[in-house]
Amino acid sequence: MSNPSLDLGSLLPIDPDWFLNPDPVRLAHDLIGQFLISDKDGQQTGGRIVETEAYKAPEDKACHAHLNRYTKRTSVMFEAGGRTYVYLCYGIHHLLNIVTGPQGAAHAILIRAIEPIWGLERQSERRSGRPRREWTNGPGKLTKALGITKADNNRPINQKSSSIHLFRSPQSNPKVQSAPRIGIDYAEECIHWPWRFLDADSRFVSAPAP
DNA sequence: ATAATGATTCGCT
DNA sequence: GCGAATCATTATG
């Protein structure tokens, strides 16, 4: 890695208490510019988070745990913040969420896009040699590039044994935009809530702000 | 037991 | 821009 500030060994993990904050909208904003790493088979792939969305039960109709609906699938969202929520979407795509908030609050942050930084060759392989810009500019794309599957569901973040790690960016000052969330047309009044966050200067987002 | 439905992506027109 | 792909989850009977 030519940029020494991006040396994985020197990065600091996000503090465990950060995940317990009760406001997932705030956390989704603050996650822009931080680093996501997947560690599979001793191989690290990851990058800089450039797009997120907040989901917040009970009031959010777009949240799987709307009205605190508790099922086998949603149960992980009720855990204390700091775990993963990975689920299969449209029968094809695995989507990665970060569970946040205190135990009992079903909050999560969907990771929608990253800028690839680490393990570029492996990411390219997993994305079938497409252009780099298309490796991770969407929630289903980035899980494929990082090898994230349902095996990574309901697992702690930043533990020694973890496959998913989140690090603080040493000097992160991104210009963060907010926008309505994508793909939730069924969610009635929640459709317009500006709970999607993007790095305005990144070319690796899934779609520009409207 | 059956049926409906996605927090999407890709290829084709 | 449109439609297919593809299946775990969920609700309902």
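Every number in this text was worked out from the coordinates using simple rules, so none of it is lab data. These numbers were taken from a predicted model, which means no experiment stands behind them. Cβ coordinates were reconstructed from backbone atoms using ideal geometry, including for glycine residues, and neighbour counts include every protein chain displayed.
For segment A:128-134, backbone phi angles converted through the Karplus equation (6.51, -1.76, 1.60; θ = phi - 60°) give residue-by-residue couplings of 6, x, 5, x, 3, 4, 9 Hz, Gly and Pro being listed as x. Close lysine pairs were tallied over chain A: pairs 8 or more places apart or on different chains with Cα atoms under 15 Å apart number 5.
When each of the peptides A:129-138, A:110-119, A:169-178 is scored by the mean number of other C-beta atoms lying within 10 Å of its residues, the order from highest to lowest reads A:110-119, A:129-138, A:169-178. Within segment A:63-210, the ratio Rg/Rh, alpha carbon atoms throughout and Rh by Kirkwood, equals 0.95.
Each pair of Cα atoms in segment A:1-94 enters the Kirkwood radius, and Stokes-Einstein at 20 °C and 1.002 mPa s then converts it into a translational diffusion coefficient of 138 µm²/s.
Quick one: what do you get for segment A:50-115 if you divide its Cα Rg by 2.2 N^0.38 Å? Before the final figure, lay out the partial values.
Values: Rg = 11.3 Å, N = 66, 2.2 N^0.38 = 10.8 Å.
In units of the globular-protein estimate, segment A:50-115 measures up at 1.04.
Comparing Cα centroids, segment A:156-184 and segment A:20-54 end up 2 angstrom apart.
Per the Cauchy relation, a quarter of the hull surface: what is the mean projected area of the convex hull of the alpha carbons in segment A:134-210, in nm²?
Numbers: hull surface 27.9 nm².
Reported value for the Cα convex hull: 7.0 nm².
Taking θ as phi - 60° and the Karplus parameters 6.51, -1.76 and 1.60, the scalar couplings of segment A:44-58 work out to 9, 10, x, x, 9, 5, 10, 7, 9, 9, 9, 10, 9, 7, x Hz in sequence order, x denoting glycine and proline.
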